[in-house]
Amino acid sequence: MSIRLSFYGAAGQVTGSMHLLEAAGGRFLLDAGLFQGRRSETHALNLKLPFDARRVDGVVLTHAHIDHSGRLPLLVRDGFHGPIHTTPATRDLCAVMLPDAAHIQEKDFEFLERRGKAAGEQSRPLYTMADAIATQELMVGVPYHRITHLRKHLALEFLDAGHILGSASVDIRITEAGNHRLVFSGDIGRSGLPIIRDPQPPSGPIDTLIIESTYADRSHESVADAEAKLGEAVRRVAARGGKVLVPAFALGRAQEVIYSLHQLWRSGKIPQIPIYVDSPLAVDITTVFRMHPEVFDQREHLVTAESKLFDFPLIRYIRSVEDSKSLDSSNGPAVIIAASGMAEAGRILHHLAHGVGDHRNLVLIVGYQAEHTLGRRIQEGASPVKIFGDEYEVRAEVETIGGYSAHADKSELLGWVRRLGGPIKRAFVVHGESGPLEAMAKLLREAGVRDVRVPKHGETFDL
Ligand SMILES: [Zn+2]
């Protein structure tokens, strides 16, 4: 039997997750994610697919983050028309995320055109709203633990990866002339994250493992500590009449913070101050969360006690630009949660421009801040900072809470591998920068895996 694996993204780097599996006479993509980062470095990589999209038989999608799903409309644009298998929650999240990604592409292009900087192929949007909608029609929802045949000799099962709503690890069985079991971890989450269940690895012997390594070289603080710190921060800022400004990713982080605030309010640990979720995308995504209680962690007190997890008297969801602007002229205290997560775009920029100069306010960092972003500069204590081209003195307090990370750290990754139980014949380490990739390879070797590889972009292996 011939099984072949080629790595076309998140190989030697974090974003662009996409691996081509050729087996049982078919060609299947595991994820089709977008390369993210500076446009000058990623646009060409994203633009041209390294294979004929019309010859791909199907896609298996682990979760809705754009670095795993964001090249799907590009595949469709290039003629792919097979099924995209994913969990029902991921399917519904993509219905919000992919049109949003297309909208950003179209807006960026308009911006370049207006400034006379649009230059042929390089500046055209990768795909349009129509491509995103056509992609959605190919999605097939497969619940966790339901074994589904993609072809006669190839079946898959999704297991909860505990990373974001609907996220999955994939257990693939190839039964053409013998048995081969291939497990793709997807992004592995953490134990104790609010709302979603803990990661659940498959168990038993594995022939081929593809595993992520984002944080294989570090340790996170605990999720319980994160909630306690959040409560303490809100009390402190409310007492001095300030605002808590939270840059948050619209998918995942925003809902976790809302959930924690609900929990804190119910137990009387935060005062009665308004909490604004000021991001149309986060509002839409929160609606998708409400549609999928079947994947919530039923051991959590709030999940069992309260059917309206995201609605409580303090919270207000904001869509219109006028309502968003009026938040800045209102007096504190208040909590404002807005995208983008690294304060590079979105409504959080307006709130920071109005708020960083006031010593009563707090900028609360709850997610990873990449180098060269405004979020990172504020986190590191820079002042003044540039927002919309103007300089602002940072007098507000700045605090970082690390415990809300959606990725397993070193010990959690090792725990996930140990729980696989059976021997692992061969492993490929993906989805990490060079330090974490090597750290994960070392962890696997120490756990007894003899054949461990860190594939390069474009590399192909016959299994
Ligand atoms: Zn992810």
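The values are calculated or read from the model by the stated rules, or taken from the named source; none is laboratory data. Values in this document were obtained by computation on a predicted structure and should not be read as measured data. All Cβ positions, even for glycine, are placed from backbone atoms using ideal geometry, and neighbour counts span all protein chains on display. We work out accessible area using only protein heavy atoms, side chains counted, and drop any ligands, DNA or RNA first. Shrake-Rupley method; radii C 1.70, N 1.55, O 1.52, S 1.80 Å.
For the reader, a short list of remarks on this structure follows.
- For region 287-331, dividing the convex hull volume of the Cα atoms by the residue count gives 101 Å³ per residue.
- Karplus-derived HN-Hα couplings along region 439-453 (A = 6.51, B = -1.76, C = 1.60, θ = phi - 60°), whole Hz, x at Gly and Pro: 5, 5, 4, 5, 4, 5, 4, 5, 7, x, 7, 7, 9, 10, 10
- Hydrodynamic radius (Kirkwood) for the chain, which is based on Cα pairs only, to one decimal in Å: 22.9
- For region 15-99, the set of trypsin sites (Lys or Arg not before Pro) satisfying both a DSSP loop assignment and a count of at most 16 other C-beta atoms within 10 Å is given as 38, 48.
- Charges were assigned to the Cβ only: +1 to each Lys and Arg, -1 to each Asp and Glu. The resulting dipole of region 12-73 about its Cα centre is roughly 220 debye.
- Placed amide H near residue 8: partners under 5 Å, 5+ positions off or other chain: 18, 19, 20, 458
- Between helix 223-239 and the chain: long-axis angle, C-alpha atoms, 0 to 90°, nearest 10: 20
- Computed from point charges on the beta carbon alone (+1 for Lys and Arg, -1 for Asp and Glu), the dipole magnitude for the chain about its Cα centre is near 320 Debye.
- Ranking 378, 65, 367 by how far each Cα lies toward the positive end of the dipole of the chain (charges on Cβ) leaves 65 at the top.
- For residue 321 and residue 218, a Förster radius of 56 Å and the Cβ-Cβ distance give a FRET efficiency of 0.90, rounded to the nearest 0.05.
- Seen from all directions on average, region 165-290 presents a Cα convex hull projection of 10.6 nm².
- Shape descriptor for region 3-72: Rg over Rh equals 0.97 (Cα atoms; Rh from the Kirkwood inverse mean 1/r).
- At a probe radius of 1.4 angstrom, the accessible area of region 263-347 per residue rounds to 48 square angstrom.
- Ordering of 160-170, 207-217 by burial proxy (mean other Cβ atoms within 10 Å per residue, highest first): 160-170, 207-217
- Low-density loop cleavage sites - chymotrypsin sites (Phe, Trp or Tyr not before Pro) in region 14-113, where at most 16 other Cβ are within 10 Å (DSSP): 51
- Accessible area expressed per residue, region 44-120, with surrounding protein chains retained (probe 1.4 Å, Å²): 41
- With N counted as the residues of region 205-262, its alpha-carbon radius of gyration over 2.2 N^0.38 Å works out to 1.65.
- Residue-averaged [θ]222 nm for the chain, counting only DSSP H segments that reach four residues, each worth -39500 (n - 2.57): -9500 deg cm²/dmol
- Residues whose placed amide H lies under 5 Å from that of residue 196, excluding near-sequence neighbours: 297
- Rounded tilt (10° steps) of 280-291 against the dominant C-alpha axis of the chain: 60
- Cβ-Cβ FRET estimate between residue 269 and residue 359, R0 fixed at 35 Å, reported to 0.05: 0.90
- nm² value of the averaged projected area, convex hull over the Cα atoms of region 48-114: 4.9
- Here r is the Cβ-Cβ distance between residue 395 and residue 4 and R0 is 41 Å; the resulting FRET efficiency, rounded to 0.05, is 0.10.
- Measuring between their Cα centroids, region 201-230 and region 410-450 lie 11 Å from each other.
- Within the accessible area of region 19-173 (1.4 Å probe), percent carbon and sulfur: 52
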